[in-house]
1. First obtain the Kirkwood hydrodynamic radius of the range 324-406 from its Cα pairs, then insert it into the Stokes-Einstein equation at 37 °C and 0.692 mPa s, and state the resulting D in µm² per second as a whole number.
2. Of all the accessible heavy-atom surface of the range 268-403, with the other protein chains kept in place and a 1.4 Å probe, what percent is carbon and sulfur?
3. Run down the lysines and flag those whose C-alpha is under 26 Å from the C-alpha of LYS150, throwing out any fewer than 8 positions away in its chain.
4. Under the rule of -39500 (n - 2.57) per DSSP H run of 4 or more residues, summed and divided by the residues of the chain, what mean residue ellipticity at 222 nm is obtained, to the nearest 500 deg cm²/dmol?
5. So what is the accessible area of the chain per residue, in Å², with the probe set to 1.4 Å?
6. How are the alpha carbon pair distances in the chain distributed across 10 Å bins from zero to the largest one, expressed in percent?
7. Under the rule of at least 5 residues apart or a separate chain, name every residue whose amide H is placed under 5 Å from the amide H of GLN376.
8. Rounding to the nearest 10 and keeping the result within 0 to 90°, find how far the Cα-based axis of helix 219-228 lies from the longest principal axis of the chain.
Amino acid sequence: MKIIVQKFGGTSVATPEARLAVKEKVQKAIRSGFAPVVVVSAMGRNGDPYATDSLINLLKEANLSVNVRELDVMMCCGEMISSCVMAATLQKCGFNAMALTGGQAGIITDSTFGAARIKKIDTTYLLRILESGVIPIVCGFQGTTENNGKFTTLGRGGSDTTAAALGAALKADLVEIYTDVDGIMTADPRLVKEASILKQISYGEVCQMAHQGAKVIHPRAVEIAMAQNIPLVVKSTFSDAPGTLITNANGDSEATGENINEHKIASGVTHLTNLTQFKVVLDKNDFASGRKLFEDLADAGISVGCLNLSEETALFAVYENDFAKTQQVLTETDFDYHFNEKCAKVSVVGGGMRGVPGVMANFVASLNDANIAILQTVDSDTTISAIISEEHVTDAVVALHKAFKL
Ligand code: ADP
Ligand code: MG
């Protein structure tokens, strides 16, 4: 049995027309000789009645707070509604389809509500369903705990993770991630109208892009697929465009971080917003002051990024939701500090930049020419990022996209 996992995001299942487009994709897979496993997200985006954010807002608007366990029960409802509606749509079109919760599909997680990790997947039942010719419609983003079957959710982008994890557990030939754009693009098309589709990209590069803000696919999903070398394709529900194939550079199990688009220095430009940059003054004569700073932040459970430590200063960035806590820690521990609120991080990502001189020069020059102040840079062998003021994010992404000839 050749298995394909087909994941459909919120907009792909939002309307009756969209769900008929989903049916076409499922039918096409069957015609190509695959047994499809369908994974669905909740229907629509915030504001639509059964979208995850709308469900959370039901509680917020009524001024009700629930504990994390109940919040996960609430958040699982969106996918359950979606899977039932999708199963019914397929049944009406003459297919034999069956809605399954994450737990019914065998997905067992730990009990970290809101950000659960998949511990194992028992594929027995799913395989039995597939062998009897039924199409399982699995709720994305959710699982259950092992002992008492509590509902858990996998965090933002969790349906991508469900699809990749099912693909790995079922040893699928292919995992398709269907969304509202034609594939992974050289930048978010909402910011750069000239952004183009990448035909192919390596797991390593797309993982970097996803970590640096390209929200078209979740990095965890890429990591899971990479570990088992399962090809992923990101494509549109609403067109016949071939999409983006994510594999190893050489189509083998080696060289996972390599660059497929060899002629290019960079594969994409990404951005993250809602950051605050902190500059902390350290005591040059006290070796331990930097150490103390990061220990204090760690003790407070604050996750810090964009780190830069020297004898005299420490630079780092935190997300908006950790801002108040960070300020409190720094004030209580008597550090002198400044901060820049409303910052963004813009990044150029590409396996082709390794060891190439002039990449940083091009990066800095393009932001300079656009009159954008660089507050800090950070880099790895396949990424250069700058912290800038959030108001310049679109201009910066557009400038870098042009400068790196994407
Ligand atoms: P879904 O609900 O299908 O999971 P998402 O909203 O999570 O959809 O992801 C699709 C969106 O990701 C696109 O509409 C696009 O605006 C955004 N996006 C951000 N960066 C990129 C990129 N580099 N390539 C393609 N899309 C991107
Ligand atoms: Mg998504």
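1. On the way: Rh = 14.2 Å.
Calculated translational D: 232 µm²/s.
2. Working: 3290 of 6810 Å².
With neighbouring chains kept in place, the figure for the range 268-403 is 48 percent.
3. Of all the lysines, those that pass the test against LYS150 - Cα under 26 Å, at least 8 places apart if same chain - are LYS7, LYS60, LYS119, LYS120.
4. Values: 11 runs with 133 residues, N = 406.
Here the helix-only value at 222 nm equals -10000 deg cm²/dmol.
5. On the way: 18630 Å² over 406 residues.
With the other protein chains kept in place, the chain gives 46 Å² per residue.
6. Going from the shortest bin to the longest, the percentages are 5, 21, 28, 26, 15, 5, 1, 0.
7. It is ILE387, by chain and number.
8. Orientation of helix 219-228: about 60 degrees from the principal axis.
The values are calculated or read from the model by the stated rules, or taken from the named source; none is laboratory data. Just so it is clear, the structure is predicted and the values come from calculations on it, not from any experiment. Remember, those area values only see protein heavy atoms, side chains included, never the ligands or the DNA or RNA. Shrake-Rupley method; radii C 1.70, N 1.55, O 1.52, S 1.80 Å.
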